[in-house]
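Have a look at the structure below, then the notes.
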Amino acid sequence: MSQNAELAPYACDPALSRGRRYAQPPAPTRSEFQRDRDRIVHSTAFRRLVYKTQVFLNHEGDLFRTRLTHSLEVAQLGRSIARSLRLNEDLVETVCLAHDLGHTPFGHAGQDALNECMQDYGGFEHNLQSLRVVDTLEERYPDYNGINLTFETREGILKHCSRRNAELMEQREPGGVGERFLRGWQPSLEAQLCNLADEIAYNAHDVDDGVRSGLISIEQLCAVPLFERYRQQALAADASLHAPAEQRRLLNETIRRMLSDQVYDVIDATTAALTEHTPCSVDDVRRAPALVGFSAPMRAESLALKQFLFRELYRHPQVTETMGLAQRVVRELFDVYFQSPHELPAAQATDAQRGDTLKRARVVSDFIAGMTDRYAGREHERLTGQRLLNP
Ligand code: MG
């Protein structure tokens, strides 16, 4: 059933979905993409996002973003842009909510450490892991592993993929979600939009969290054109924001203006690209260049903000010190489980001892990747007697 009479011809129509890995009759009241979204919200991996690091560790403060609140903000931005572009809002929401399901504990530091541990066993990559979560690791149905999502949702979840992994995927699933990486095709506009919404969301909320943490200051941010323009606009609109007591309100108003303008910029620039390329179907979209994006000036300014955050926040000594400890936790957990699989919970221990070292490493990697920050810290303490991270 088509849920949205207003859907543009280049949008993903759930009635025209390329289907699920295991065929199922349609749901009586929900579209295929709404059904995917509901499966994601009810998944175990989704609940774990609340205790997984975005930038700051979970115990460092109650107001910092976690993977869960980050994913909700991405979904909000994605949906609001999707509506304006007449894309499928349900699919955008679905992919946004699922986009970080494969993240390890401790953010990118955790992923890098796990990838190093897995070097001889096929590596670890969080996009691939997100797909692995929904295809294989969730155990909810009697007949198969995974939550059996549609092609379109899975296509959106697999944001990046190396050629090698795409080839492996293509062998297992010919013409599936790995194919576009071999042929140089784009994903749907809904998937393209989720990538950009992710970037808009973290640029904005990392400014907020960075200032809240005290690791970056508003004075430093004044040198970033994208931030400074909206700060000046906010001050010009309301002089009371000059007061020292109003600095939190000024920061919020600056970020709000910055977010709105980026949303409008994406809508305008994407509308222009759609007018130029006139795709008439999702397949046209897949064969066209990437069409969802910022205007060139906004792209440059967004990049400058991202570089600022990288330099001043993600590489801040206090952040890198914590992340160094987090990497040690992941490495030592991997070593202990790999050497002594009986330390794993019963189900994983059985799995790990059933196959070769390749299989054992993957079982250990899946188990660690699924951990929340605090569970990883506690397990590390149980196995090594050292408390590195937990308060
Ligand atoms: Mg993200």
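The single condition from (1) away from the ligand (no atom under 14 Å from the Cβ); (2) out of contact with any Lys or Arg (no Cβ under 9 Å at 6 or more places or on another chain); (3) under 24 Å from ASN148 (Cβ atoms) that PHE46 fails is (1). Contact map, segment 320-331: residues that are closer than 9 Å to PHE106 by Cβ paired with residues that are of a type in the set (D, E, K, R), Cβ distance under 7 Å, separation 6+ or inter-chain. Pairs shown: GLN327/ASP112. Does THR94 satisfy the condition of being β-branched (Val, Ile, Thr) and either more than 21 Å from the chain's Cα centre (by Cα) or surrounded by fewer than 23 Cβ atoms within 10 Å (Cβ to Cβ) (or both)? Considered against the rule, which asks whether it is β-branched (Val, Ile, Thr) and either more than 21 Å from the chain's Cα centre (by Cα) or surrounded by fewer than 23 Cβ atoms within 10 Å (Cβ to Cβ) (or both), THR94 comes out as no. Checking the stated criteria, GLN327 turns out not to satisfy the condition of being closer than 24 Å to ARG382 by Cα and either aromatic (Phe, Trp, Tyr) or over 26 Å from the mean Cα position of the chain (by Cα) (or both).
If only residues of segment 103-124 that are buried (at least 19 other Cβ atoms within 10 Å of the Cβ) and within 11 Å of the ligand (Cβ to nearest atom) are counted, the one that is nearest to the chain's Cα centre (by Cα) is HIS103. Going by what's in this entry, would ASP261 be described as touching a helix residue (DSSP H, G or I) at 6+ places or on another chain (Cβ under 6 Å), surrounded by 14 or more Cβ atoms within 10 Å (Cβ to Cβ) and either in contact (Cβ under 8 Å) with a residue 12 or more places away in the chain or of a type in the set (A, V, I, L, M) (or both)? No.
Cβ-Cβ contacts under 7 Å between residues 6 or more apart (or on different chains), taken from a first residue in segment 72-101 that is over 18 Å from VAL134 (Cα atoms) to a second residue that is within 11 Å of the ligand (Cβ to nearest atom) and of a type in the set (Gly, Ala, Ser), are listed as GLU73/ALA201; VAL74/ALA197; VAL74/ALA201; LEU77/ALA197; LEU77/ALA201; GLY78/ALA197; ILE81/ALA197. Being in contact with an Asp or Glu (Cβ under 6 Å, 6 or more places away or on another chain), within 15 Å of the ligand (Cβ to nearest atom) and in a helix (DSSP H, G or I) is the filter here; which residues of segment 49-100 pass it? ARG67, SER71, VAL74, ALA75, VAL92, THR94, listed by residue number.
A short reminder: the numbers here are calculations on the coordinates, not readings from a lab. Only a predicted model underlies this, so the values are computations on that prediction, with no experimental measurement involved. Please note: Cβ atoms are built from the backbone with ideal geometry, for glycine as well, and neighbour counts cover all protein chains shown.
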